[in-house]
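A.B. asks: Okay, here's the structure, questions in a sec.
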Amino acid sequence: MTVSSNSMPGASEKKAPSRSSRFWAWLIFILSAAYFLVPLGATFYWSLKAEKDILGFEAYKRLFADSNFLPAFSQSVVNAAAAIFLSLLIIVPTAYWVTLRLPKLRPVVEFITLLPFVIPAVVLVFGLIRLYSRPPLLWTATYESSRVLLICVYAALSFPYMFRSVDNGLRAIDVRSLTEAAQSLGANWVTILFRVIFPNLRVALLSGALLTFAIVIGELTIALYMAQHTLGPYMADLTRSKVYEPSAMAIVSFSVTWMAMGVIQLITGGQGQATGGH
Amino acid sequence: MAYLTLSGISKQFSDSYVVKDFSLEIEKGEFVSFLGPSGCGKTTTLRMVAGFESPTTGNITLDGVDITDSPPNKRNVGMIFQSYALFPNMTVAQNVAFGLRVRRETASNIKQRVEEMISLIHLEEHAHKFPYQLSGGQQRRVSLARALAIQPHVLLLDEPLSALDAKIRVSLRSEIRAIQRKLGITAIFVTHDQEEALSISDRIVVMNAGLIEQVGTPFEVYNFPQTQFVANFVGSLNNAAAEVLDPARGLLNLDGIQLITASDIQSKKKGDKVRISVRPERFSFADVQRKDNVLDCTIENITFLGSVVRIQVKIGNTKFNMDTFNNPFLELPKIGDREQVSCSKEAVLVLDE
Amino acid sequence: MGTVNTKPKSTNETEGGAKRPPRSQIGSWLGVLPFFVFSGLFLIGPTLVLAYRSLEADGGGFTLGNYRQLVNETVINSYAMSIRISLTTAILGGIIGFLIAWAVSIGGLSRPFRTITTTFSGVASNFAGVPLASAFVFTLGRVGAITALFKLLGFDLYDSGFTLYSFFGLTLVYLYFQIPLMVLVILPAVDGLKRDWREAAENLGATSFQYWRYVALPVLMPSILGTMILLFGNSFGAHATAYALTGGLFTLATLLIGQQISGDVLNNPGLGYAVAMGMVIIMGVSILIYSVLQRRSERWLR
């Protein structure tokens, strides 16, 4: 028999969009691609021009050789990692208990996780300085103590991303049944959390962490006014003092963001999340 | 000439056929069901009538006009979607009015027609609600009213009763049928549920793997299935392997027991292997005078199904189900009892594979 | 709340004794406590301090004077510029982002283009601040590549009045993160348009235009408007990009607050707090409208 029995919804699903709609789709795509790629191309081109008359990676060499670059970069990486760790430590139990035992708290928690969008970074740092730079709550006395404060603030700023990521993850695995199943088999809650919930949340946790990393790594505003020598303020200085290095820096920074987002895309299969708040 | 004619319709996706050589004539006011398992091409055929798919070959004419290539919005064919496809931003009344609005009917015409339609489906109190405020059954009725408001030449229903409670399904299907009769509208109804098709249709088109297996009234399709597929798909059926003893007299051999069939097996030879099919309700406990086949059996199992009692019997080495209507005075045999069952020769079907 | 306590736990209740709250419930509250402490210390506390100070008179006591002084040329100008840029980038970014979402969702581009678009949008919506400002300086700054290209063609952008350090320039830069944010937020809504709606409309006699006019756009409108408001807030609160581009000297509400932190440029600390609180209020209102509209659209697109 020549007749196939493959299900026809699959086969007839796509009614091809009309030719004119495809033309407009392509036009929009190409124009916007141009808008988004030209600045990157121009920056990359500049980053290759540091040496007279030849294209090369001189600007990158100079950037990496700059004695301030590596300390700023590593400080930012450590800050980001610490903020992610803190954020996970706080958000995972919160999301878990809000899902399982304290559903009444959900609206409150969701409201609070919206705050980083409501309070602009520059306003937040303004308030932080007014609150913590004099007794009785002196927190910014030394560089190191300010740094701890910065990390805590970053962790708080990551709450919206982290909470949504973990919450979606918990919804996807039906955490209630898993927990009840584990309980009925005699597990206590530590075992449940570490042996049952965490392994099933790997993707959600990782994507929340990477998103936080991408946002925190080059953060400028808060670090600037708290006088921290991290990557953001370093990059801002660089644009004022150097000609070619900023282009190399922009490309490096773009690549880091791209990598974080690429990994999220890979592990979540395209369910990456919207962000906001610059 | 028939009102709606599909002649030689085929639909090909890449190199496989989803529908092949589909020809059918539908009279004005007729209610026709396309019945078959999922993937048999029934929905694709319906979508070709609506104009959402165009046939690879073949023609569709409606009231004498060839509509094969006319766009869906010019056909005036009403469709009820499986997902109801109500517009979520519009109230019930606005949904029903939509087709008239895009036709630029006058406001008073629209108002009158919408009221008429909404009273037809008995949703007067809900006219200003949004679809998400309605139950599944109510949403189906709105989509019916919306499709009927444009006074379509043909009404197409794509599994309109799926995912509803059993009770609502039954009441809604009689409501659909009543409205269809009242308006005298031609309708095509796609379903995979044989009971639904049998209860609602003037004629049933049984489809399998893109091909028409049989076209006939519910009575014909159920009682005189022409193929093994139709017999199995419509109603329940006992199947068994048998051997031809005497083609001329219709004698068969089932595990050493002689059976007589009314099916035409003249073309077979003695010793040929055939499959026989018997519907469970065609068996009864022996009524020796009248029945052509009287068979010894052992009671294997008894299942109480409410209105029907299903008794599994073993005839030779083959197990058969027989259905008996329930009544409070029914005397049932016990498991392991030896009994005799009988059936007429018309009940024993020998069908093409 | 008591789901875990359904099994009889007689050990917790001594005969005739007072009921103690079940242990597990205290445990749950301990589990969420750090979240509230953290939010209080690092999000709510700092904002409340500003709110308190903005309402505090010079010698102590309550006053609304600081808010009255918001009607002041410097403050008005920076708010006006912030609102202009935010409105422009929200509307433009919203429209362009929607068109892109349409193109990759139902416009007929093949699957890989969609994946590229969403991944890139994830990157670009986070590609703000110094690197973004640099990229545009190297493109459209005085010595940028495109500026140079125009010069080669005999046209001097900067002589004709264009500058990157203006309303127009900043708009162009902000769109770089506004458009992708729109794409990311609106794409699920565009995907939520059911094929059946289009077919039902066609079946009832509607043209493609009528389908968009009466069904698709009205269904998407809450999402589109809501996301545009989100974009408005996103741009309104943006500081780093403008700071990096202009050195913090442009007339913009966020930059004004930045200057106020570094040194009291308004010569009135109380006014500075009021300016900051004004931003919080505007942002709060826009996020509120956004969530209301988003909820409505979810109900439709479910």
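The values are calculated or read from the model by the stated rules, or taken from the named source; none is laboratory data. Only a predicted model underlies this, so the values are computations on that prediction, with no experimental measurement involved. Here the Cβ positions follow ideal geometry from the backbone for every residue, glycine too, while neighbour counts run over all protein chains shown. What goes into the accessible areas is simple: the full protein's heavy atoms, side chains included, and nothing from ligands, DNA or RNA. Shrake-Rupley method; radii C 1.70, N 1.55, O 1.52, S 1.80 Å.
A.B. asks: Restricting to segment C:89-104, give me the number of residues that are closer than 14 Å to C:Ser125 by Cβ and more than 16 Å from the chain's Cα centre (by Cα).
C.D. replies: Selection size over segment C:89-104: 3.
A.B. asks: Something else about it: Can you tell me which residue among A:Thr94, A:Thr99 is at the interface with another protein chain (Cβ under 8 Å from one of its Cβ atoms) and touching a residue at least 60 places away in the same chain (Cβ under 8 Å)? Give the derivation first.
C.D. replies: Values: A:Thr99 fails: at the interface with another protein chain (Cβ under 8 Å from one of its Cβ atoms).
Only one candidate qualifies: A:Thr94.
A.B. asks: Then there's this: Please state which of the following conditions C:Leu220 fails to meet, knowing it meets all the rest: (1) over 30 Å from B:Leu148 (Cβ atoms); (2) touching a residue at least 24 places away in the same chain (Cβ under 8 Å); (3) buried (at least 22 other Cβ atoms within 10 Å of the Cβ).
C.D. replies: (1)
A.B. asks: Hey, another quick one. Taking the conditions exactly as written (within 31 Å of the chain's Cα centre (by Cα) and on the phi > 0 side of the Ramachandran plot), does B:Gly316 satisfy them or not?
C.D. replies: no
A.B. asks: With the requirement that a residue be farther than 21 Å from C:Gly237 by Cα and open to solvent by less than 10 Å² (accessible area, probe 1.4 Å), what does segment A:101-145 give you?
C.D. replies: Within segment A:101-145, A:Leu102, A:Val109, A:Tyr132 meet the criteria.
A.B. asks: For segment B:4-39, which positions are more than 11 Å from B:Thr57 (Cα to Cα), more than 11 Å from chain A (Cβ to nearest Cβ) and of a type in the set (Ser, Thr, Tyr)?
C.D. replies: Matches in segment B:4-39: B:Thr5, B:Ser23, B:Ser33.
A.B. asks: So, A:Asn68, is that one of a type outside the set (Phe, Trp, Tyr) and surrounded by fewer than 18 Cβ atoms within 10 Å (Cβ to Cβ) or not?
C.D. replies: Taking the combined requirement at face value, the residue satisfies it.
To keep it simple, each residue is scored yes or no on (1) away from chain C (no Cβ under 11 Å); (2) in contact (Cβ under 8 Å) with a residue 40 or more places away in the chain.
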residue: A:Ala25; (1), (2): no, no
residue: A:Ile28; (1), (2): no, no
residue: A:Leu31; (1), (2): no, no
residue: A:Thr43; (1), (2): no, yes
residue: A:Leu55; (1), (2): yes, no
residue: A:Ala59; (1), (2): yes, yes
residue: A:Leu70; (1), (2): yes, no
residue: A:Val77; (1), (2): yes, yes
residue: A:Ile84; (1), (2): yes, yes
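A.B. asks: Please enumerate the residues belonging to segment C:265-274 that are facing chain A (nearest Cβ under 9 Å) and open to solvent by less than 10 Å² (accessible area, probe 1.4 Å).
C.D. replies: Residue satisfying the conditions is C:Gly272 alone.
A.B. asks: Now for a separate question. Restricting to segment B:73-101, and then to whatever is under 30 Å from the mean Cα position of the chain (by Cα) and of a type in the set (S, T, N, Q), can you tell me which residue is most open to solvent (accessible area, probe 1.4 Å)?
C.D. replies: For segment B:73-101, the residue satisfying everything is B:Gln82.
A.B. asks: Now for a different question. When you go through (1) closer than 27 Å to B:Lys182 by Cα; (2) open to solvent by 40 Å² or more (accessible area, probe 1.4 Å); (3) under 20 Å from the mean Cα position of the chain (by Cα) one by one for B:Glu30, which number turns out not to apply?
C.D. replies: All conditions are met except number (2).
A.B. asks: Helices (runs of 4 or more DSSP H) wholly in segment A:194-270 with at least 1 residues that are at pLDDT below 90 - which ones?
C.D. replies: A:198-216, A:231-241, A:245-268
A.B. asks: I've got another one for you. Within the group C:Thr11, C:Thr88, which residue is polar (S, T, N, Q), at pLDDT 95 or above and either surrounded by fewer than 14 Cβ atoms within 10 Å (Cβ to Cβ) or part of a helix (DSSP H, G or I) (or both)?
C.D. replies: Among C:Thr11, C:Thr88, only C:Thr88 is polar (S, T, N, Q), at pLDDT 95 or above and either surrounded by fewer than 14 Cβ atoms within 10 Å (Cβ to Cβ) or part of a helix (DSSP H, G or I) (or both).
A.B. asks: Related question: Which pairs do you get when a residue that is at positive phi and assigned by TED's automatic domain parsing to the domain that holds B:Arg181, found in segment B:21-39, comes within reach of a residue that is modelled with pLDDT under 95 and among the small types (Gly, Ala, Ser), reach meaning Cβ atoms under 7 angstrom, with the pair 6+ apart or on two chains?
C.D. replies: B:Asp21/B:Gly8; B:Asp21/B:Ser10; B:Gly29/B:Gly184; B:Gly39/A:Ser5; B:Gly39/A:Ser7
A.B. asks: I would also like to ask the following. Take the residues in segment C:105-119 that are in a helix (DSSP H, G or I) and more than 7 Å from every other protein chain (Cβ to nearest Cβ); name whichever of them is least open to solvent (accessible area, probe 1.4 Å).
C.D. replies: My answer is C:Thr117.
A.B. asks: Assess whether A:Val125 counts as being among the β-branched types (Val, Ile, Thr), free of Cβ contacts under 8 Å to residues at least 24 places away in the same chain and at the interface with chain C (Cβ under 9 Å from one of its Cβ atoms).
C.D. replies: Working: among the β-branched types (Val, Ile, Thr): yes; free of Cβ contacts under 8 Å to residues at least 24 places away in the same chain: no; at the interface with chain C (Cβ under 9 Å from one of its Cβ atoms): yes.
Considered against the rule, which asks whether it is among the β-branched types (Val, Ile, Thr), free of Cβ contacts under 8 Å to residues at least 24 places away in the same chain and at the interface with chain C (Cβ under 9 Å from one of its Cβ atoms), A:Val125 comes out as no.
A.B. asks: Could you grab me the full set of residues in segment C:28-40 that are open to solvent by 20 Å² or more (accessible area, probe 1.4 Å) and within 7 Å of chain A (Cβ to nearest Cβ)?
C.D. replies: Passing the criteria: C:Pro34, C:Phe38.
A.B. asks: Which of (1) more than 13 Å from every other protein chain (Cβ to nearest Cβ); (2) surrounded by 15 or more Cβ atoms within 10 Å (Cβ to Cβ) is the odd one out, the single condition B:Met117 does not satisfy?
C.D. replies: (1) is the only condition that B:Met117 fails.
A.B. asks: Are there any pairs, at least 6 apart or on different chains, whose C-beta atoms fall under 8 Å, with the first in segment B:101-112 and on the phi < 0 side of the Ramachandran plot and the second in a helix (DSSP H, G or I) and polar (S, T, N, Q), and if so, which?
C.D. replies: Going by the 8 Å Cβ cut-off, the qualifying pairs are B:Val102/C:Gln210.
A.B. asks: Which members of segment C:91-104 meet the condition of being more than 8 Å from every other protein chain (Cβ to nearest Cβ) and open to solvent by 20 Å² or more (accessible area, probe 1.4 Å)? Quick ask: steps written out before the conclusion?
C.D. replies: So in segment C:91-104, the residues more than 8 Å from every other protein chain (Cβ to nearest Cβ) come out as C:91-95, C:97-98, C:101.
C:Ile91, C:Leu92, C:Ile95, C:Phe98, listed by residue number.
A.B. asks: Can you tell me which residues in segment B:259-290 are in contact with a Cys (Cβ under 6 Å, 6 or more places away or on another chain) and either of a type in the set (D, E, K, R) or over 26 Å from B:Phe233 (Cβ atoms) (or both)?
C.D. replies: B:Arg282
A.B. asks: A follow-up question, please. Which condition number does B:Met207 fail, the rest of (1) assigned to a helix (DSSP H, G or I); (2) in contact (Cβ under 8 Å) with a residue 60 or more places away in the chain; (3) in contact with a Gly (Cβ under 7 Å, 6 or more places away or on another chain) being met?
C.D. replies: The failed condition is (1).
A.B. asks: Considering each of A:Ala50, A:Ala80, A:Ala59, A:Ala42 in turn, give the residue that is outside any helix (DSSP H, G or I) and out of contact with any Pro (no Cβ under 8 Å at 6 or more places or on another chain).
C.D. replies: Of the residues listed, the single one that is outside any helix (DSSP H, G or I) and out of contact with any Pro (no Cβ under 8 Å at 6 or more places or on another chain) is A:Ala50.
A.B. asks: Here's a follow-up. Restricting attention to segment B:159-191, which residues are part of a loop (DSSP other than H, G, I, E, B) and either charged (D, E, K, R) or not assigned by TED's automatic domain parsing to the domain that holds B:Arg141 (or both)?
C.D. replies: So in segment B:159-191, the residues part of a loop (DSSP other than H, G, I, E, B) come out as B:159-165, B:184-185.
Passing the criteria: B:Glu159, B:Asp165.
A.B. asks: Do you know which residues across segment C:41-60 are modelled with pLDDT under 80 and open to solvent by less than 90 Å² (accessible area, probe 1.4 Å)?
C.D. replies: Once the filter is applied, which keeps residues that are modelled with pLDDT under 80 and open to solvent by less than 90 Å² (accessible area, probe 1.4 Å), segment C:41-60 yields C:Gly59, C:Gly60.
A.B. asks: Could you pull out the residue among C:Ala148, C:Ala128 that is crowded, with 19+ Cβ neighbours inside 10 Å, of a type outside the set (Val, Ile, Thr) and within 12 Å of another protein chain (Cβ to nearest Cβ)?
C.D. replies: C:Ala128
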